[in-house]
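Here the structure comes first, spelled out in structure tokens, and everything after it is commentary.
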């Protein structure tokens, strides 16, 4: 009996269980001792008698097939003679499943955090997402109003100097100051 591993059926969203099929191996190896102990236990006979009965069964079966007879073995398969004289076997069970298929719906959990091995380090999925897809930095334009105000101020200063001229007196106060005589704040004693 050969075991084929479980398979994934993506179209039906399920996982099929391991399947089993019966095959005939064309070698002359003798079965393991465990087989003869199992056979002796099942037939409730001695170990040596199980070996003799098994060998007799195999010999008779081989002779019948070599003679050209087609042997139908219930729930196992059909043995017949091939064109080249070898024994052909057609199994009765072709990919038999002992268990039913299991549904395999894909579950995606957003923001689920789990550990991931990255080289020699262990990181979380959030750290790796952040590293692989860094957030785009949004530009801040806080300096734009200050730049506009500075440009307007420079234009106004340029207009003023173009009208008043580029002399030191044009940048200062144009009125003449005359100090007023104020009351004395102190008196001299003699």
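Details
- Nearest 10 degrees, 0 to 90: helix 47-66 Cα axis against the chain principal axis: 90
- Acute angle (nearest 10 degrees) that the helix 144-164 long axis makes with the longest principal axis of the chain, alpha-carbon atoms: 30
- Packing-based order for 15-21, 134-140, 79-85, 123-129, using average beta carbon neighbours within 10 Å, highest first: 15-21, 123-129, 79-85, 134-140
- Ranking of 53, 106, 3 by count of other Cβ atoms within 10 Å, fewest first: 106, 3, 53
- 33, 4, 176, 190 arranged by Cβ crowding within 10 Å, fewest neighbours leading: 190, 176, 33, 4
- Angle in degrees between helix 33-43 and the longest Cα principal axis of the chain, rounded to the nearest 10: 60
- Calculated mean residue ellipticity at 222 nm for the chain: -10500 deg cm²/dmol, from DSSP H runs with n ≥ 4 weighted as -39500 (n - 2.57), summed, divided by the residue count and rounded to 500.
- Ascending count of other beta-carbon atoms within 10 Å, so fewest first, for 159, 61: 159, 61
- Unit Cα scatterers, Debye sum, the chain: log10 I(q)/I(0) for q = 0.09, 0.11, 0.15, 0.18 Å⁻¹: -0.78, -0.89, -1.13, -1.32
Each value in this text was obtained by applying a stated rule to the coordinates, not by laboratory testing. Keep in mind it's a predicted model, so treat the numbers as computed, not measured. When we count neighbours, we look across all protein chains shown, and the Cβ atoms used for this are built from the backbone with ideal geometry, even at glycine.
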